[in-house]
Every structure is written in C-alpha cells, then in structure tokens.
Amino acid sequence: MPIVVFNGVAALLLIVLQSNFVSAFHITAFCINFSVISACALSAMNAPFAGSVFSMLLIGAFADSMSSGPPGLYHLLCMLAYFALAALALRVRSQRAIFIVVVAALTCAAFDLLYGMILAIIYPESTILQAIPSVLWRNAIATAIFTPPYFWLISKANAIWLIRSQSGLRRKF
Amino acid sequence: MKENLKRYRNLLLVIVGVSLPLLLLSVQGGQRATVSVPERTNMFLAATAQNHFDYLVGNSAGFWNAYIDLVHTKADNEALRLENARLREENTGLQGILQENARLNKLVGFRNARAIFELAPARVIAADVSPYFRVLRIRVEAERNDIKPEMPVVSAEGLVGRVERVNGRFCDIMLAVDPRSKIDILTQVNRSRGILSGLGDDRSYDAKISYLLRRDEVEEGELVVTSGRAGSFPKELPVGRVRKVNSKEFGLYQSATVEPIVDFSRLEELYIIIGEIKGEPHADSRI
C-alpha cells in the first residue's frame, strides 16, 4: 500500500511542478505524461489493485482539472491507460528496465493518439489533427526518458519505508 | 453476497474507474465554460497548488532566464542599435504627418473615438497539461466577480487570447494561437479580411490566416489587427505580422502564416478587458 501513496503524491507533485516549469522556462507545449508513468509504476510494481484504481482516479481528476478540452476526457484516458497496463502486467511479468521504458513510451503514444483523435472529432475545425504526429513522438520520448528516474524515486521511497517499518516491528517484539 | 462481492471486486473497480470520468464527461456535455461543482473543487485545489509552486519555480527560472538574457545581450544590443536608427528616421517623418493630421482634424472637427477599456491585471501561473492546446492558467491580481468566459485578454504588445473558464481568482486563457481559436482579423495596411487560427505547432507559436481573398494584396511583414466585427475582440488590437503569404494561382482564397506580436513563451503580466469605460475613466485602469 505505501507504494500507492508514494506514487500518488509523487505524480501529483510532478504534474503541478511541470505545469509551472513549462510556463516559467518558456517551453512551447507540455512534454512528459506523468499520469502514464504513474500507471506504469503501479502496474509494474504489482501495487494493490483497489488502491491503484483510487490513486489513478485522483491523479486523473487532478490532471484533468489542469487540462483544457472536454472535462473528464483526460481523466478517462488515464484510467484506460492504467487498466490496459494492469492487464499487461498480469500476462507479462517482466521487471526489466528496457521493457518498462518501451511500454511507457508506447502507452504514452497510444494515449496521445487517442486523445488527439477524439479532440479532432470534437473540434473538427481545429488544426489538432496536423499536430498529432509531432506530439506523439516528442511526448513518447520525453516520457520514456523520465520513466527510469521516476521508478528509482518510487522504489527508493518504498524501500526506505519498508526498512523503517521492519525496524519498528523488531523494536516492538 | 460477501463471496460474490469479493469475486467481482476487480470488475466493480474497473466499472467505477471508467464510469466516474464518463459521468463527468456527460454532466458538462463537453463544455469547459460551465464549471460543475466537482470540477470547481478540483480546479481550485490544482490552481492553489500551482499558485504556490509558481513562487518557487518562478524564482529559479528567474536566475536561469537572467543568465540566458546575458548570453544574448551583445546580439540584442546590435539589433536594437540598428532598430533605433531606423525608428529615429521614421519618427522624423511621422512628426510631420502628425502635425498635418492634427491640423486636418481641427479643420473637420473630428472627435478622438479611440475606446478606453477597463482592465483587470493578471499573472501567468501555469500552463495546460494537454499537449494539443495552448492554454495558460492565470491569477487575477484583485478579487472581482465580473470576469466571464470569452472576454478578451491582452498584454502590452497586443492580443493574447480569450478567457476560457473562470473559477474565483483563477482563469484559463485560450491563446490566440490555440488550434481551436478563430479570430476575425484585418491586415493593417491593405485591410484584407481573414480568419486567424492557431497551428498547434510544437516548436513555434505561429498561426495561419485563411479565407483571405486571392485578389487582396497581402505583404510579408504587414501588421495584422483584430477586425472587431465578430466575437468579443475590440477593433485594431495588434495580433501579429505576416511571415509568409501562400498565394495560389487559382481558387477564391489565399492563406498566410503569421508570427504573433506577443511572445507567448515569455508572458508574465497580462490584462483581461472587462469592458469599455463610459464617461471619465480611472487613471490606473485603462489603455
């Protein structure tokens, strides 16, 4: 369970911080999809399913309130990304870094493709369709690059928590 | 019953996980301008967090940007020196035109009809998390309840965009270069009319003018201003400069690429146009 809490707190903080960084450091558009990375982390680290669903509901709602477009759409895609990754984790039990990075990049690309296509249908007169290819590869690469440090952060926090709770138990008995 | 609940627990969680966002999607019917209670709470929490982090990130960005500015100072100085010389020359010519204009105005009894607007100052605190939109979140400096969606937003340079949604002191601003934005514009010299829309390009903030009549003469470098005919934008607000004209040999229309006059990446302070001031305006809230 602590992994769900660490992941939730880290994802929420990073989403807010990134939105500030983007405007403060003059970056044209948003790059790293922390919702996808956190969904990857929850499924790859075998976090409890119920806790993970609630964590993703919270992260998705928070990210959705910071995104434009139809309310609830970003949230829905976050949930779908998590369920797809959780289903994949049931079949493929690999903890290899390269596999996780590739899965994160592909999920991010699928997320952005679906999001862009739905937006293009909702706003038919917009130029969103033309922007999809460049958004796809740029966000997928940025997300893939930031996946290993995020996993390292979460697993370290989890390890520290486990060591502390075990030493507390030893003192009790 | 308990056994069944345990067996179908995961399925129930999946249903809850999908139905909650779907419910939000259906409650508001895809419209962001009307903010529902759960969304208002969410937006308030997110905007408050963004507002607090803005101080932290803003300060660190300040150091970095100061360094970057220093690196470009020499080139900027040279460019400014040349521009200054050109402007001095232009100014000399304009002095004569101004005097002539004043003389002619006096002759025909012309009244200065330039509108004076009531402005609400605001500060950029964050950007949108979606990669497809060009939206900024701002904090209005003073508490006020007369800010509404669709109100125009400007900076000292020109048009920034329009208010997309409002929640207390926090507003989301759809930039003029957002892929969904459509603004009725005119080219300043030739008065060619067209529709400006954002390109959604990830490397630049360029926009595109479509529906320019093919027979209209549009020149590169020409200033583009709001027409004031459709929507909520006042007339003659500078929008950008024509970078490239894509003229065709046949057809009714031509298009052009526009470089915005406002540097959206460096936006910090901006103003929401609340409305025109009737009578004598206050000294601190007008343009």
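Throughout, read-outs are computed from the coordinates displayed, never taken from laboratory work. These numbers come from a predicted model, not from an experiment. Ideal geometry is used to build each Cβ from the backbone, glycine not excepted, and the neighbour counts take in all protein chains shown.
Overview of results
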{"item": "Dipole of the protein assembly as shown [Lys/Arg +1, Asp/Glu -1 at C-beta], most positive-end residue of A:56, A:4, B:232", "result": "A:4"}
{"item": "Summed side-chain charge close to residue A:99 - residues other than residue A:99 whose Cβ falls under 13 Å, Lys, Arg +1, Asp, Glu -1", "result": "+3"}
{"item": "Helix axis angle, B:73-108 relative to chain B longest principal axis, alpha carbon, degrees", "result": "60"}
{"item": "Euclidean distance of C-alpha centroids, region B:166-201 and region A:56-88, integer Å", "result": "28"}
{"item": "Shielding by partners, peptide B:167-180 (average Cβ within 10 angstrom, other chains)", "result": "2"}
{"item": "Region B:75-175: trypsin sites (Lys or Arg not before Pro) falling in loop per DSSP and having at most 16 other Cβ within 10 Å", "result": "B:111, B:114, B:144"}
{"item": "Relative contact order (percent, whole number), chain B, Cα cutoff 8 Å, 6+ residue spacing", "result": "17"}
{"item": "Structure-based [θ]222 nm, chain A - -39500 (n - 2.57) summed over DSSP H runs of at least 4, per residue, nearest 500", "result": "-28500 deg cm²/dmol"}
{"item": "Region B:64-215, dipole about Cα centre (Lys/Arg Cβ +1, Asp/Glu Cβ -1), debye to the nearest 20", "result": "600"}
{"item": "Region B:113-214: translational diffusion in µm²/s, Stokes-Einstein, Kirkwood Rh over Cα pairs, 4 °C, 1.567 mPa s", "result": "87"}
{"item": "Residue order, fewest to most surrounding Cβ atoms within 10 angstrom, among B:171, A:40", "result": "B:171, A:40"}
{"item": "Angle in degrees between helix B:9-27 and the longest Cα principal axis of chain B, rounded to the nearest 10", "result": "30"}
{"item": "Sorted by Cβ density within 10 Å, fewest first, the residues B:67, B:253, A:123", "result": "B:67, B:253, A:123"}
{"item": "Chain B: angle of helix B:37-71 to the longest principal axis, Cα-based, in degrees nearest 10", "result": "50"}
{"item": "Residue order, fewest to most beta carbons within 10 Å, for B:39, B:236", "result": "B:236, B:39"}
{"item": "For chain A, alpha-carbon Rg over 2.2 N^0.38 Å", "result": "1.09"}
{"item": "Kyte-Doolittle mean at least 1.0, axial Cα span of 18 Å or more - DSSP H helices of chain A", "result": "A:2-24, A:49-65, A:73-91, A:97-122"}
{"item": "Rounded to the nearest 20 debye, dipole of the protein assembly as shown from Cβ charges on Lys, Arg, Asp, Glu", "result": "1800"}
{"item": "Leading residue at positive end of dipole, region B:75-191 (Cβ point charges), from B:168, B:104, B:187", "result": "B:104"}
{"item": "Inter-chain shielding of B:117-127 (mean C-beta neighbours from other protein chains, 10 Å cut-off)", "result": "3"}
{"item": "Within chain B, helix-based [θ] at 222 nm, where runs of 4 or more DSSP H residues each add -39,500 (n - 2.57), nearest 500", "result": "-12000 deg cm²/dmol"}
{"item": "Relative contact order (%) - region A:1-90, alpha-carbon pairs under 8 angstrom, separation at least six", "result": "34"}
{"item": "Positive dipole terminus of the protein assembly as shown, leading residue within B:271, A:154, A:20 (C-beta point charges)", "result": "A:154"}
